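Each value in this text was obtained by applying a stated rule to the coordinates, not by laboratory testing. For clarity, every value in this text was computed on a predicted model and none was experimentally measured. Every residue, glycine among them, receives a Cβ derived from its backbone with ideal geometry; neighbour counts consider all protein chains shown.
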Ligand code: ADP
Ligand code: MG
């Protein structure tokens with residue numbers, strides 16, 4: 001075992017990490033290091049081992065990750081909060097390592113295995129509810145995840161994952177963020193045919209709300225407007241990402257697929273229109289995206305596409321008319337972080353509870369239409385019995 005230039009430990013199948021862990025396969029490789037599947041000779045079970053790169057910056061963040069994981073694991077003795085449990089942590093040849101319970105495939109690979117067709121709304125709702133358990137706990141502890149995305153949400157069932165061919169000797173894949181291990185998921189795999197549980201992983205970017213280290217966080221597609229615009233941020237950035245993940249689960253594709261941060265904001269404005277001037281007035285990076293009249297600087301993406309603010313609707317992009325779902329996402333995608341829905345409020349929303357959804361008074365016309373509709377339905381019922 002030696003280190004490569006990134007500071008990743010070079011490992012092969014059947015290598016041992018200490019006497020205890022025997023390497024079986026590579027589960028994932030990200031910016032922080034690699035995650036390998038191991039056989040734990042002490043407990044005689046398979047586990048996941050995250051081996052942090054042997055570089056100061058990553059080690060420092062790794063220490064934060066261990067602390068957060070220990071806290072969260074401690075807070076969740078009955079496995080109610082849908083977050084990964086850490087088992088142990090130690091140093092091996094100068095690398096910080098931590099072991100986790102072994103989970104299944106991540107939701108990006110899962111969507112890919114399903115041909116990016118998305119999943120039924122019932123599945124979206126189930127995963128939303130489970131992610132909210134995690135977000136609710138984080139909220140009560142004032143922890144921001146800072147990197148919520150499909151790659152960081154895993155199916156609990158580890159049997160679904162067969163990511164690497166058994167004959168591979170080394171695991172040095174290319175380090176592209178969206179790797180190609182999914183080819184081992186059976187092609188007939190249909191996400192809608194099984195109902196699974198999920199867990200949130202990767203607290204490698206997380207922080208306590210009053211100990212924020214970085215001004216620029218989150219993966220681009222899931223990045224909240226306050227981060228893009230350079231505003232102070234809070235736990236509500238996770239609710240923005242959460243909304244993005246749900247939309248992607250439903251359609252199969254990222255809802256805001258910006259090629260760069262400029263286009264990222266353009267994608268958001270395409271659906272949401274221009275941000276409120278109060279946000280623009282206080283954003284330290286506003287002038288990167290808007291001229292002095294607060295008109296967005298016109299940009300063209302690599303396909304020659306220009307995105308116009310307000311030219312699309314949420315309903316149109318999602319191809320959904322489910323009012324509860326649309327309202328739920330709309331509340332996740334609030335420009336103003338203070339008005340964005342909280343995990344607790346989200347758990348009480350009709351999309352999650354299944355209660356009949358009645359839009360708020362601002363949508364009076366729509367509400368009247370829906371009331372009228374339900375009135376008609378209830379008037380119809382007694383008749384249908386006698387009409388045969
Ligand atoms: P990074 O900080 O480098 O993104 P992650 O903790 O997100 O590292 O792990 C990278 C990938 O490894 C994940 O996307 C997932 O596919 C896989 N992985 C991580 N933890 C586990 C686990 N407990 N069980 C199974 N696979 C895992
Ligand atoms: Mg990750």
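Quick rundown of the values:
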read-out	value
log₁₀ of I(q)/I(0) at q = 0.21, 0.25 Å⁻¹ - segment 212-270, Debye sum with one point per alpha carbon	-0.77, -1.05
Inter-centroid distance (Cα atoms) of segment 87-156 relative to segment 295-323, Å	28
Extension gain from residue 208 to residue 356, taking 0.36 nm per residue of separation minus the Cα-Cα distance	49.6 nm
Cα pair distances exceeding 19 angstrom across segment 108-161, given as percent	36
Computed over segment 4-156: relative contact order in percent, which uses C-alpha pairs under 8 Å that are six or more apart	18
Rg/Rg_globular for segment 1-142, with Rg_globular taken as 2.2 N^0.38 Å and Rg from C-alpha atoms	1.15
Cα-based shape type of segment 41-106, given that a ≥ b ≥ c are square roots of the gyration tensor eigenvalues and the cut on a/c is 1.5	oblate
Segment 9-58 versus segment 203-276: alpha-carbon centroid distance in Å	31
Whole-number percent relative contact order across segment 184-300, with pairs defined as alpha carbons under 8 Å at least 6 apart	21
More than 24 angstrom apart: percent of Cα pairs within segment 209-335	25
Anisotropy class of segment 73-164 from Cα gyration tensor, a/c 1.5 cut	oblate
Segment 1-68 - convex hull of the alpha-carbon atoms, volume per residue in Å³	94
Packing rank of 316-325, 290-299, 260-269, 51-60, where each peptide gets the mean count of other beta carbons within 10 Å, highest leading	260-269, 51-60, 316-325, 290-299
Share of Cα-Cα pairs in segment 245-309 lying beyond 16 Å, as whole percent	50
